[in-house]
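Engineer: Just dropping this structure here.
The values are calculated or read from the model by the stated rules, or taken from the named source; none is laboratory data. Given the structure is predicted, the values throughout are model-derived calculations rather than measurements. Because the Cβ atoms are built from the backbone with ideal geometry, glycine has one as well, and the counts that use them run over all protein chains shown. Areas reflect the complete protein model, heavy atoms only, side chains present, ligands, DNA and RNA absent. Shrake-Rupley method; radii C 1.70, N 1.55, O 1.52, S 1.80 Å.
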There are 2 protein chains.
Amino acid sequence: MPAATPIEARPEDLGMVRYNADGLVPAIVQEQGSGEVLMLAWMNEDSLRRTLQTGRTWFWSRSRQEYWCKGETSGDRQWVRAAYYDCDGDTLLFVVEQEGKGACHTGAHSCFYRRFGSTSPADSEQ
Amino acid sequence: MPAATPIEARPEDLGMVRYNADGLVPAIVQEQGSGEVLMLAWMNEDSLRRTLQTGRTWFWSRSRQEYWCKGETSGDRQWVRAAYYDCDGDTLLFVVEQEGKGACHTGAHSCFYRRFGSTSPADSEQ
């Protein structure tokens with residue numbers, strides 16, 4: 001199992017994050033090395049804190065209204081290697097080491113396996 | 001100026017996109033070649049259509065309540081080379097050729113120039 005590398009974030013950085021009316025912020029997950037965009041999910045303030053402290057991605061499920069730690073049941077865990085926030089503070093980006101077969105619940109490596117204007121799934125442009 | 005490459009999306013793909021209560025869907029923009037995640041902005045159904053038809057990124061500004069075509073005033077245009085939607089249909093991903101100095105209004109190449117747990121901006125892990 002890969003090692004977790006917790007991130008000690010400064011309060012001034014955490015204070016820059018802007019949550020929406022539901023207390024959530026979108027979090028992009030990108031694979032280290034390949035650069036592939038794997039998924040987007042949502043975090044609240046507590047799941048961001050958990051993510052940085054544990055070095056694993058924790059999200060807030062809007063449909064189930066509960067926390068989920070990515071890969072906890074599937075084994076397809078995400079090990080955070082770097083974490084960023086954008087200029088407006090309203091989007092997060094996590095660069096991760098993706099364990100297992102991938103990020104998508106369908107079994108695909110990336111959730112973005114369907115391409116507009118193509119008759120077959122193709123990731124070759126990424 | 002780079003050439004635009006419009007994308008002819010199939011109705012069945014366009015119909016898979018799920019818009020939120022405000023009629024919006026988050027759109028991730030990734031740079032072709034480098035794989036760098038440049039920004040995230042929001043699209044409605046019409047801005048997605050414009051983006052695919054023109055080969056340039058069109059977003060909906062939530063603060064200004066108007067369409068904006070990325071780089072139209074700054075010259076930092078984005079030329080769409082591939083477009084994807086995710087497994088749930090509630091996030092879009094555009095792979096673009098970024099013209100000019102970059103995607104961020106601050107002048108940074110990527111909007112994600114601030115890193116948690118670091119005292120200086122660093123994109124080296126991407």
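Engineer: When you go through (1) within 12 Å of another protein chain (Cβ to nearest Cβ); (2) out of contact with any Cys (no Cβ under 6 Å at 6 or more places or on another chain); (3) closer than 30 Å to B:A21 by Cα; (4) open to solvent by less than 50 Å² (accessible area, probe 1.4 Å) one by one for A:S63, which number turns out not to apply?
Structural biologist: Every listed condition holds for A:S63 apart from (4).
Engineer: Which of the numbered conditions does A:M43 fail, given that it passes all the others? Conditions: (1) open to solvent by less than 40 Å² (accessible area, probe 1.4 Å); (2) within 11 Å of another protein chain (Cβ to nearest Cβ); (3) not charged (D, E, K, R).
Structural biologist: Condition (2) is where A:M43 drops out.
Engineer: What's the number of the condition B:Q126 fails, among (1) out of contact with any Phe, Trp or Tyr (no Cβ under 7 Å at 6 or more places or on another chain); (2) within 30 Å of A:R10 (Cβ to Cβ); (3) modelled with pLDDT of 95 or more; (4) crowded, with 16+ Cβ neighbours inside 10 Å?
Structural biologist: So the condition that B:Q126 fails would be (3).
Engineer: Mind checking which residues of the stretch B:79-108 are crowded, with 24+ Cβ neighbours inside 10 Å and free of Cβ contacts under 8 Å to residues at least 40 places away in the same chain?
Structural biologist: Within the stretch B:79-108, B:Y84, B:D86 qualify.
Engineer: Tell me, which strands (runs of 3 or more DSSP E) wholly within the stretch A:21-94 include 2 or more residues that are in contact with a Gly (Cβ under 7 Å, 6 or more places away or on another chain)?
Structural biologist: Ranges flagged: A:78-85.
Engineer: Within the stretch B:95-106, work out how many residues are assigned to a loop (DSSP other than H, G, I, E, B) and at the interface with another protein chain (Cβ under 10 Å from one of its Cβ atoms).
Structural biologist: 4
Engineer: Scanning the stretch B:12-32 for residues that are free of Cβ contacts under 8 Å to residues at least 40 places away in the same chain and within 12 Å of chain A (Cβ to nearest Cβ), which turns out least open to solvent (accessible area, probe 1.4 Å)?
Structural biologist: The extreme case among them is B:L24.
Engineer: Out of curiosity, is A:A9 at the interface with chain B (Cβ under 9 Å from one of its Cβ atoms), part of a strand (DSSP E or B) and either under 16 Å from B:D90 (Cβ atoms) or in contact with a helix residue (DSSP H, G or I) (Cβ under 7 Å, 6 or more places away or on another chain) (or both)?
Structural biologist: No: the conditions fail for A:A9.
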